[in-house]
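Please read the structure below before turning to the comments.
Values quoted throughout were computed directly from the atomic coordinates according to the rules given, and no laboratory measurement underlies them. The model shown is predicted, which means the values in this text are computed figures rather than measured ones. Neighbour counts run over all protein chains shown; Cβ positions are idealised from the backbone, glycine included.
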Amino acid sequence: MVESKPSLKIVKRSAPEGEGHLVCLGVIMAPHGIQGEVKLKSFTQDPKQIGAYGPLFLDNHEDKLTLLKLRSPKVISRETIFVARFKEVEDRETAQLLTGQKLFVTKDKLPKLAEPDAFYFEDLIGLKILSTTQKELGHVSAVFDFGAGEILELELEGYKESVMVPFLKEWVAEINVDAGFLMLDAAYLAEYLKPFKSSDEKWDDEAEKKNKKKDETEDHKK
């Protein structure tokens with residue numbers, strides 16, 4: 001008996017260095033129904049064009065999915081969320097394994113940008129972060145879109161953990177992909193980073209617990 005179901009490894013790992021440049025066009029959110037359909041969020045300018053650039057690579061940058069059908073779900077009104085059917089996915093079990101998988105194409109499949117200063121969000125990853133005081137702060141490690149606007153994930157010098165900041169016009173003084181930097185407003189960034197702990201600050205868990213208990217006691221008295 002010939003196995004007609006396409007094989008998917010669905011290995012969640014990062015692509016090796018030096019691999020062809022890929023651009024993320026969307027993400028699979030969850031299974032939909034029992035026949036292998038999935039809920040999909042599209043990041044493309046025209047959300048319905050996510051399948052227009054050929055097969056979509058998964059996170060391991062090896063397995064590919066071929067989009068057969070895209071339709072708007074009845075219960076979600078947001079224009080970037082669709083129900084998708086892929087050739088390689090025939091049941092809910094496989095669809096479940098795809099949850100959270102990003103969908104990529106190689107950059108050469110995308111149309112050339114009409115404006116000279118235009119860019120893809122993928123182009124921002126790896127750019128140096130400069131402040132308007134010309135201080136180098138770190139680099140952009142990722143760009144996300146959770147539905148309420150784009151978010152930059154920054155790896156900043158002096159901070160143990162990455163910092164998420166909104167990608168807003170008020171913040172950004174300059175973007176120069178060719179020169180390899182993104183410049184952020186120094187005052188805006190300094191204000192935003194106040195709640196974050198830098199790497200030279202030590203956490204005092206016991207002190208924090210005491211302060212929290214004290215605040216709760218004072219709130220209870222009120």
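For the stretch 22-108, a Kirkwood radius taken over Cα pairs fed into Stokes-Einstein (20 °C, viscosity 1.002 mPa s) yields D = 170 µm²/s.
Applying Stokes-Einstein at 10 °C and 1.306 mPa s to the Kirkwood radius of the stretch 70-192, computed over alpha-carbon pairs, gives a translational diffusion coefficient of 92 µm² s⁻¹.
The packing ranking, built from the mean of other Cβ atoms within 10 Å per residue, places the peptides 172-181, 29-38, 56-65 in the order 56-65, 29-38, 172-181, highest first. Close amide H contacts of Gly26 (hydrogens built in the peptide plane, cut-off under 5 Å, sequence separation of 5 or more or a different chain): Phe43, Leu103.
A simple rule links phi to the HN-Hα coupling: the Karplus curve 6.51 cos²θ - 1.76 cosθ + 1.60 with θ = phi - 60°, which for the stretch 154-161 gives 10, 9, 10, 5, x, 10, 5, 10 Hz, with x for Gly and Pro.
Neighbour counts of C-beta atoms inside 10 Å place Arg71, Arg85 in the sequence Arg71, Arg85, starting with the fewest. Here the simple spin-label model places points 7 Å from the Cα toward Cβ, and for Glu150 and Gln96 these points are separated by 3.6 nm. Under the simplified labelling scheme, the Trp171-Lys69 pair shows an inter-label distance of 4.0 nm, with each label point 7 Å from Cα along Cα→Cβ. Across the cross-link table entries Lys48/Lys102; Lys107/Lys160; Lys64/Lys169; Lys39/Lys128; Lys48/Lys107; Lys48/Lys169, which are compared at the Cα atoms, the separations over 24 Å belong to Lys107/Lys160; Lys64/Lys169; Lys39/Lys128; Lys48/Lys169.
Taking a ≥ b ≥ c as the square roots of the eigenvalues of the alpha carbon gyration tensor, the stretch 121-192 is rounded, as a/c is under 1.5.
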